[in-house]
Each structure stands twice: as C-alpha cells, then as structure tokens.
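Read the structure below first, then the notes.
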C-alpha cells in the first residue's frame, strides 16, 4: 500500500530520535497502520555539511536547508516541526496549515504561548495538530487527557514536569552533596544546560503547565500569569528536616479548579514520602490527575531523544491514519493482526530467582533433605531465613534460590510433595527483577 | 448543533455510572465535542419495573427490555454494550455492526476470547469499536498503547490488573490478619464477590492480560494458554519473610517479548519495595510498560461505576467525534475554547500548611521574635524542629505552620527580611496535602 510521507524540520536530539525510531520500528509501524510511513524530506541548517547518522538511515529522503521548500513539496504529506523556539517554528506550522498538511510538534514554548489560536485554526481547517511530545516527552499524558479520560471532569493535577530539576533535587537528597555541586555534575553529564535557568527556575515546567491547563480545563492561561519559584534555594538541610516530617521535596506544577477559577503554580513543595509522587526520582516526570473517576497517575521519561521520539512517531501515526482512513477511529492498534492463536513460550524455561516457603514438622536433617532434592535438579540455594517460631509441629521457613529454570524447580517440588515432614506443599514465588532504575 | 445519540444496553454498575457521568458532565462534554451527547435509549431486563436513579436522570430516553429493538432504532447512533458475558453480548455487538453502528464495550471476557475477530470485522466496515473500559477501568492504558505510545515497540509489561486481589494482599500485609478473614471482610464490604474465584484465582487478570498482549504485541493469545496462579496460598508470614528481603508480594500479570515468542503469566511474585509497582496498594490497578522510549507507568482505579464509566464515556466521545467529524483527528480536547486569557486565582488566597526554614546568627529571643511577627499576621506555629548544629553564626532550624493563607505568610516574610539575625531570607515551602488514599 502506498506510504504516507513525512517531512521533518529540525534534526537536533528530538529529530534524530524520531528518525531512528522511524527506521528501527518500520515493520511494526506498517503492521499497526496497514501502510508504511516514509521519511521523504529532512531539513536543517547543516543537513548538507553535517547530516548525521540518523539522516543516513533514510538515504532516499530529500535534504534541504529551506523549511519552506520542505513544507511545500508535493511528496510531503505530514510536517514534523522539531526546531523549537517561537518564531520560525510558528511560521513553519502556519505554512503547513496553509498547505493543508497535518503538523506534529514538540514545541512547548510555542504551544504555551499560541496553542489556543493554533488549535482553533487547525480545527477550522479539519487538519490534525499533534502535540504529545510537547509535555512530558515519553509519557502520553496529552493523549490521556484528550482521549483516554476525556469523559472525566478534572478537578486537580499535580505534575513533576522538569526532569533536570527532579534529578538535581533527588541527587541532593540521595547523596547529601551541596546543590551547586550537584548542578555542576548535572551540567557535566549533559542533564542540565550551561544556562540552567529555564529548568531550575521553573519556567520550563510553567510552559508545560499552561498547556496542560488548556487541555484539561479548556482555559487559555498565559504562562507569565502562573506564579513560579525554582529550586535554587533548596539545601541538603531542607531534606533532613523534611525527612523528619516524613516528607521529601519536589518541584511541583499544580493546577486546581476552584469556584473562582483555576489556581495554578510551579513551586518546590513538601510531599509525603508515602505519596506516589514521592517515588518519582532522577530525571523521570509524572502527572497525578484527580477527577470523578478517581485518581490516575502517569509516569515516565520526560525528555531525551527516544522518549520524545516515541511521542512524535505516535502523533505521526495518528495523523497518517486520519489522512488515510478518515473513518474507523479509534482503530485497533494493529491493522495486520493474525487470527491465528499465538502459542506463548512455555513458562518452564523462564529463569528466575525464587522464594520458597516451607511449613514443616521440625526434626533434624530437613534442610539437608530439601537441599539435596533441589541440587538433584541443578537448583542452588541462595539463603535460608527463619523467624523465631514456637510451634515445632508447624514451623515456617523460607529458602531463596539462585536463578533457576521453573521446570527444574517444579520437578523438585514434585519430589518434595511426597515428604512426610511437610505440613503442606511448598509455596514458590518468583522474585520479579527490579523494574525501574532512574 | 444536533446531538449524537447513545443507546445503552445493560444498567448494572457500569451502565449506571455511565448514565450518571453523561448527565453530570453534560456541559463539559458538549464543550469538548462541539455538539451534545444524548442518551436516546436504555435497555435492561428490569428497566420498566426497577429503572433506578441513573435512568431517571435521562427522562427522555426510550426504555426497552429488548436489546434488538434498541440496536435497530433509528435514533440510536452508538451502542454501549454493558451487559457482560460472552453470549448475548456478542450478539448485541455483531447486530450493531450489521446496522453500521459504532460500539463501546466494557466486556473483558468477550474481548479476551473474540477481540481479534471483532476488531477485524469493525475495521473492515470502518466502524469504531471502543474498549478502554475492558482493562483497568479508570486507567486509560488501552488509549496509551493504541495511540499515546503507538510509535514505541514494547518489550515487556507488568500489570496489577485485579483490584480485589491487590486489596486483599495489601490488607493482609497492612493488618497482619489471616487471608480468610480479610477475604471475608472484603466480601462483606462488596469488594469481593460471594464466589471470589475469578478475582483471587487470577482468571480476571488473565483475560485482561490477553487483551493487553493483543494491543501491545499484535498477537492473539487464548487466555487458557496463559499460566495462572492465584493468591489463596499467600499467608501473613510470607509478607514477613518477603519484608526481610526488602520485598512485598503482588499478583502480577506479566508479558515479555522474547526471541521465541511471548512469555505470559499471571502469578503472585515478590516485588522490590523500592519499585513503583510496590506502591500500588488497596484496590488500585497499575501497568508498567517497558519500550524503547524507556519505562512508562499508569495507575488508577481498576473498577467501580465512576472509573469504568469515565472509560465508557471517553470511548463514546471518541466514537461520536468520528461519526460527526471524520477529519481533524486527533482533535484538541475542547471544541469550544475561548481565545480570551483566563486569569488564574491569586495564589495569595491559597491556604496551606507551610515549612519555614531559617538560618540565623544564634542569640536569645529569636523564636519569640519570629513567632510574634507571624502572630501579627494571624499565622500560628505548629512545630519547631532543630537538628544538632555547631556553627552558631549560621544555625538552621525549621518551623511548621498551621494552615495559613499565602498572603499572610508573605506579609510576615516581608517584615522578617529586615531582621539582622537572619543569615538569609527564610525559605517557605508549602506542604502538599496527601495525594492518594487507597
């Protein structure tokens, strides 16, 4: 089937991440859409002199330094504006609209300042404007607000929307190092910019909050009307005192609907350590939303080429689907889905550490006997734990295992079922590998 | 503008929650869509004898006990199938498709067994099939997988997909009460059914995992091919031992893409307490997704009339938008959005507890002086905290305040700025009210 053709303006981090994902996931994208996406043109100032590895992945793409040429080319069906800023970017988007072409953008400053007008213009023309990448890059919060919980009426939102600030705060807390030292390290690692003001003084989070307020409440709020306070004055000692109160400190972007209007702010605040927002560490972002359907919470990478690239590619796919198949939305995710049953991999071959809990009638030699049965199947014991317990006729203890295949463990459990000192069958629980690192 | 008309079949918990939300949010729904949604017909066995409060909210809706009559009525544009089960529900959905009408369903069993065929039939006809309510009711995970992170290629998912099991496990952990007692209490409270097997033996989570596998990987998996193990054998003592290992226990639905195929299972497992999944307590659900864009995590209510109703209403809105405006998707969330700036409520009127950190040159009477300044603005001190510190020329301490208006606090801070014993301006952080309760 004929491809939908993408023109990409701006080949920085986000543009490169987008180009890499469009190549790496090319087959899956076609399976989902039912037709391919093709990068037909790319534009940046240095595309001829320093095209970069990501551009080389799309050798047939036309290369130009003129965004205007790209936007007006007949072989560009959808335009991705990934240059940032509020001047040229606005011209690119408006030119694409004039040409009747859907636009995908990651531009939070522009949307915070001019989102409402742009949406109105695109809506009037019946053209798609995709903006998932503009807030909390890798987390599909805008899709959630626009579609997933569209039927809810939102009362409040609390976001951790700036990964750099969250990284610095949680590093100060974790290491006890002074703020300026952690900032310097973050700059050296590329997590913070040479001029860190947009991040650590809260302006970046404020732009995102203005976009979220428009999406959640349908109100246009100028970013400069939102009170903002950054994290420069937070010290190690503040975490110590907050900790004594059972709290930690996060830079929060908050929005609440009140009878007189919206109450909005970006400020560092104390957050209860048991609250799920307190579990957001490192450069991760998160958004907590309170509506009539209860709370929902969204968490993921807020920035970076791949996370933001996923948002751009997802928006490109939605725009392409609309261009190609105006009906049939919302569609199932895979256009090409076999009706044959997929046979899952046997669980016996999964290798895991295991937690084995036994209940035994105590007598000498039990552990040796169990260990021998496990050893016969090639399964090694890592540790034995036993809490004090006084009922010697029903004594629980736990053995943890070195990584083992489930079928080997099950063979051992089958043998153990015949042992007369067991009060009941051993309970075997896999130990799930650690899920997140930040 | 003419309304899009909804027919609802099934008036149990989910149907009633849907009817309540369609009434309560009627204005906002119209503002978002640009046209109203109207409930034109409702169907249940007892709609004439016991219509219920939710039906009474829609007095003009036609009432029938015949789903076939509802589906074929010319004043029904979209059908919501909320009866559950796999027999009549399938007939309702297929009849609606025959009539060319979009369908929204919350039916996980049916989708787990026949989702792939249904999607294919709806896709071929270009008709919308909405299914957000079928998995993790209040959390828009299907929208996220289908649209929000469509551009990603997912490697692994780990879900807590059954609220009843999670409630029981976390109550056993929290209270130390025996499993059977907690189950009995959950049944008395209506959190668990008289026959709890579908929940606590893992079958409910398994149906949801089959749907997620289809959406994330494009593979059709029969639920009965997924290994399942419930939570009946978990005891208080298991939490004690897991805790000694820094872990807790959750019923996990896991899916991993491996070279040989998908590895799927529903099983209780040990989860590191520092992992974000361990923070999911009570009847909440959650899904952790690992892809190339990094991890994303979704959390919220998995069941209940309002959370599941939000999913149904959101799907109805998407289907209505497609019927009415085939182009222009994805649309901005509010069709009617003013271009006037909304002036946020002044932050001065916000009432909060505050954390005030001072750095002082120590001398007698400091606290009394600060307290007097606060008292003059009507602000009361809740507690004073001071960690041992030996530099008397730069001594930090913290005062927490009873709830106070920000402008009163700021007036006090303004006065304090003139005090010669302060090393720098006091740092004032709001204490964010607790965010989630489960």
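No lab work stands behind these numbers, since they all come straight from the coordinates. Computed from a prediction, not measured in an experiment: that's the story for all the values here. Note that each Cβ is placed from the backbone with ideal geometry, even for glycine, and that neighbours are counted across all protein chains shown.
Some points to look at:
- When Rg and Dmax are taken over the Cα atoms of the stretch A:65-133, they come to 10.9, 31 Å.
- Taking all C-alpha pairs of the stretch B:347-431, those more than 19 Å from each other amount to 31 percent.
- Fewest-first sequence of A:203, A:299, A:241 by Cβ atoms within 10 Å of each Cβ: A:203, A:241, A:299
- Crossing angle, helix B:179-188 versus chain B [Cα axis fit, 0-90 degrees, rounded to tens]: 70
- FRET efficiency, 1/(1 + (r/R0)^6) with R0 45 Å, evaluated for residue A:49 and residue A:372 via beta carbons: 0.05
- Cα convex hull of the stretch A:296-438, projected area averaged across orientations, nm²: 15.0
- Percent of beta bridges antiparallel (DSSP, the protein assembly as shown, rounded to nearest 5): 70
- Dividing the helix sum by the residues of the protein assembly as shown, where each DSSP H run of 4 or more adds -39500 (n - 2.57), gives a mean residue ellipticity at 222 nm of -10500 deg cm²/dmol.
- Zero-based 20 Å bins, Cα pair distances in chain B, whole percents: 22, 42, 29, 8, 0
- Neighbouring Cβ atoms from other chains, within 10 Å of the Cβ of residues in B:283-295, number 6 on average.
- In the stretch A:141-303, the ratio of gyration radius to Kirkwood radius, Rg to Rh, stands at 0.97 when only Cα atoms are counted.
- Average beta-carbon neighbours from other chains, 10 Å sphere, peptide A:385-393: 1
- Between 0 and 90°, nearest 10: helix A:366-376 axis offset from chain A longest Cα axis: 60
- For A:271-277, mean number of other protein chain Cβ atoms within 10 Å: 5
- Translational diffusion coefficient (Stokes-Einstein; Kirkwood radius from C-alpha pairs) of the stretch A:87-233 at 20 °C, 1.002 mPa s, in µm²/s: 128
- Principal axis extents of the Cα atoms in the stretch A:208-287, from largest to smallest and rounded to whole angstrom, are 39, 27, 24.
- For the residues A:250, A:206, A:23, a GNM of chain A with alpha-carbon springs under 10 Å puts the largest fluctuation on A:23.
- Between identical copies, the spacing of residue B:240 label points, each set 7 Å from Cα toward the C-beta atom, reads 3.7 nm from nearest to farthest.
- Of all DSSP beta bridges confined to chain B, the antiparallel ones make up roughly 70%.
- To the nearest ten degrees, helix A:203-217 and the longest principal axis of the Cα atoms of chain A are 90 degrees apart.
- With an a/c value of 1.5 or above and a/b not larger than b/c for the gyration tensor axes a ≥ b ≥ c computed over the alpha-carbon atoms, the stretch B:1-104 is described as oblate.
- Residue among B:346, B:207, B:259 with the largest mean-square fluctuation in a Gaussian network model of chain B, springs linking Cα atoms under 10 Å: B:346
- Alpha-carbon Rg/Rh ratio, for the stretch A:319-397, with Rh computed the Kirkwood way: 1.42
- For residue A:273, label point 7 Å along C-beta direction: distances to other copies, nm: 1.0
- Dimensions (Å) - the protein assembly as shown, Cα atoms, principal axes, largest first: 80, 72, 67
- Between the stretch B:130-200 and the stretch B:46-97, the Cα center-to-center distance that results, in Å: 28
- Shortest-first nm distances, residue B:324 label point to equivalent points in other copies (7 Å, Cα→Cβ): 2.8
- Sorted largest first, the spans of the alpha carbon positions of the stretch A:397-438 along the three principal axes are 48, 21, 13 Å.
- GNM remark for chain B: springs join alpha carbons under 10 Å apart, and the peak mean-square fluctuation among B:104, B:423, B:76 falls on B:423.
- Taking every Cα-Cα distance in the stretch A:211-362 and sorting them into 10 Å bins from zero, the calculated P(r) comes out as 7, 20, 26, 22, 14, 8, 1, 0 percent.
- Distance between the C-alpha centres of the stretch B:336-350 and the stretch B:245-312: 37 Å, rounded to the whole angstrom.
- Distance between the pseudo-spin-label points of residue A:422 and residue B:383 (7 Å out from Cα toward the beta carbon): 4.9 nm.
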